[in-house]
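The values are calculated or read from the model by the stated rules, or taken from the named source; none is laboratory data. Quick caveat: nothing in here was measured; it's all calculated off a predicted structure. Cβ placement follows ideal geometry from the backbone for every residue including glycine, while neighbour counts extend to all protein chains displayed.
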Amino acid sequence: MSVEAHRELKKNQDLRITVMGLGHVGLPMALGLAELGWPTIGADEDSKKVASLSSGKSPFYEPGLQDLLSRHLNNGRFIPTDDLEGAIRASNVMFVCVGTPQRSNGEADLSQVESVARKIGRNLDGYKLIVEKSTVPVITARWIKKTVQRYAKVPVLTGPEGEDSGNAELEFDVASNPEFLQEGQALQNFFHPDRIVCGVESERAWEILEEIYRPLQCPVLRTDLNTAELIKHTANAFLATKISFINMVADLCEKVDADVTQVVEGIGRDPRIGPHFLSPGIGFGGYCLPKDVRAFVHMAETCGVDFSLLKEVERVNQQRVARFLSKVRNALWVLNGKVIGVLGAAFKPNTDDIREAPSLRIVEGLLAEGASLQLYDPNAMPGVRNVFPPENYPIRYCSSPYEVAEGAHAVLVLTEWEEFRGLDLLRLREAMDVPVLVDGRNVYRPEAVRAAGFEYISIGR
Ligand code: UGA
């Protein structure tokens, strides 16, 4: 496409966007784009999910998502489909948001990305910008490019070293535009990003991405492809490092009778450190941080860089569950035959996601020691019930935190839902058999809980 034709395309705002993969990244992204005014196709091979979306039902919980879905289905700005190839042909900008799960060795499994790249290649019928949004190891964009070229059977210009010298004769560009959305606040993050990173190889790709994101009015960092990919993994690995670091400090605080909350306040006021992502607890979980740390280590090793620092981050994180269980054991002595209340199961608040949630391993550990459980989570109950069906496990699924407390020998807080902060502690205590509260997320002020008559155990305080 000539520069003139591209200018024309911009003038007409003829950007036909498809978001490929409608999971926790893709769906907020697609609906966010629709809200910005871009008509957006949402393509996913999972026809059940697409049917659910078409009938107006979001397949998972995320604040604000359901409203946006209803609005943009009604006004036609969001079109869900399971016809990926049709969606590719109908669009000139494709955001690739498919899953990148991990293999047993920690490496990222890129087969879904590769499959999409093949489909794009086969359906290349004019200029297309392929925007990689899934979290992928560095140099994935190069592979996408190569794969599209191969399957499109288009001529490739090669440089003097036999290197690919760019897309000059090809009707496509690849860009890396990593997402930094956090589950539970994905739309808030989409509409108010700290920064947008665009790894591009051409002016054309840069201008299209600038155009799409212009309404968000935030700093946009332009980089090359590898740098953009690396930024994403580096961000998640660094966040994970902060959490493991503060978890170790919390352990130390317990040994020397110091208060980790004040340590965090004391260091967090230093702008070079900052106060965020320094909450100690039962460890980081979810679909991203644990898998991205492993993938980062694997990728570094493949490149001959020994990133064992991150192996330690992972090891510290793995130990959090055992450490928390030992706190419960120290509080109750014997767990066998005890009724234990569990508040929260989601890997963090405002989501129903339980993937790699440390809470599940804690539940498993308690059950293995013969405790029976009473569990409540505002959103994640269906997921937990699938993993631990009440027919097979001594778990009673409760409809409120107070029901969780009924006759319990201890109540454990595993997710810091806002609902739990406002509980009537006296009512909770009265319902319990023994007033022991083990708080894995430092939700409460120790003085307040002790004043309400609890034996209170938290993290690093
Ligand atoms: C993470 C990153 O924060 C996002 O920036 C990124 O876009 C996303 O992964 C992704 O790669 O898609 P998310 O998985 O939604 O987001 O969850 P986080 O908010 O990062 O929390 C991860 C885990 O760390 C949770 O289990 C949380 O409880 C735990 N955590 C977080 C702590 O234990 N302490 C803290 O101070 C913060």
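So for region 350-360 (the condition being in contact with a Ser or Thr (Cβ under 7 Å, 6 or more places away or on another chain), free of Cβ contacts under 8 Å to residues at least 40 places away in the same chain, closer than 17 Å to V411 by Cβ and not hydrophobic (A, V, I, L, M, F, W, C)), does at least one residue qualify? Checked region 350-360: no residue is in contact with a Ser or Thr (Cβ under 7 Å, 6 or more places away or on another chain), free of Cβ contacts under 8 Å to residues at least 40 places away in the same chain, closer than 17 Å to V411 by Cβ and not hydrophobic (A, V, I, L, M, F, W, C). Annotation note: Cβ proximity below 7 Å between a residue of region 414-426 that is assigned by TED's automatic domain parsing to the domain that holds L325 and a residue that is acidic (D, E) (sequence gap 6+ or interchain) occurs for T415/D377. Does at least one position in region 145-154 carry a residue that is in contact with a Ser or Thr (Cβ under 9 Å, 6 or more places away or on another chain) and either farther than 15 Å from M94 by Cβ or modelled with pLDDT of 90 or more (or both)? Among the residues of region 145-154, not one is in contact with a Ser or Thr (Cβ under 9 Å, 6 or more places away or on another chain) and either farther than 15 Å from M94 by Cβ or modelled with pLDDT of 90 or more (or both), which makes the answer no. When the residues of region 273-292 are filtered to those that are closer than 10 Å to E356 by Cβ and outside any loop (DSSP other than H, G, I, E, B), the one that is nearest to the ligand (Cβ to nearest atom) is L289. Scanning region 400-435 for residues that are away from the ligand (no atom under 16 Å from the Cβ) and under 12 Å from V342 (Cα atoms) gives S400, P401, Y402, E403, V404, A405, E406, A408, H409, A410, V411.
Quick check: is even one residue across region 242-249 modelled with pLDDT of 95 or more and more than 14 Å from the ligand (Cβ to nearest atom)? No, region 242-249 has no match at all. Restricting region 21-75 to residues that are part of a loop (DSSP other than H, G, I, E, B) and aliphatic (A, V, I, L, M), the residue that is surrounded by the most Cβ atoms within 10 Å (Cβ to Cβ) is L22. Only one of the listed residues (A258, A205, A235, A186) is within 16 Å of the ligand (Cβ to nearest atom) and either surrounded by 17 or more Cβ atoms within 10 Å (Cβ to Cβ) or farther than 30 Å from A300 by Cβ (or both). That residue is A186. Assess whether V264 counts as being over 30 Å from P137 (Cβ atoms), part of a helix (DSSP H, G or I), in contact (Cβ under 8 Å) with a residue 12 or more places away in the chain and out of contact with any Gly (no Cβ under 8 Å at 6 or more places or on another chain). So V264 passes the test. Taking residues in region 269-284 that are without any contact (Cβ under 8 Å) to a residue 24 or more places away in the chain, and partners anywhere that are among the hydrophobic types (A, V, I, L, M, F, W, C) and near the ligand (Cβ under 10 Å from one of its atoms), the pairs with Cβ atoms closer than 7 Å and at least 6 places apart or on different chains are P275/V264.
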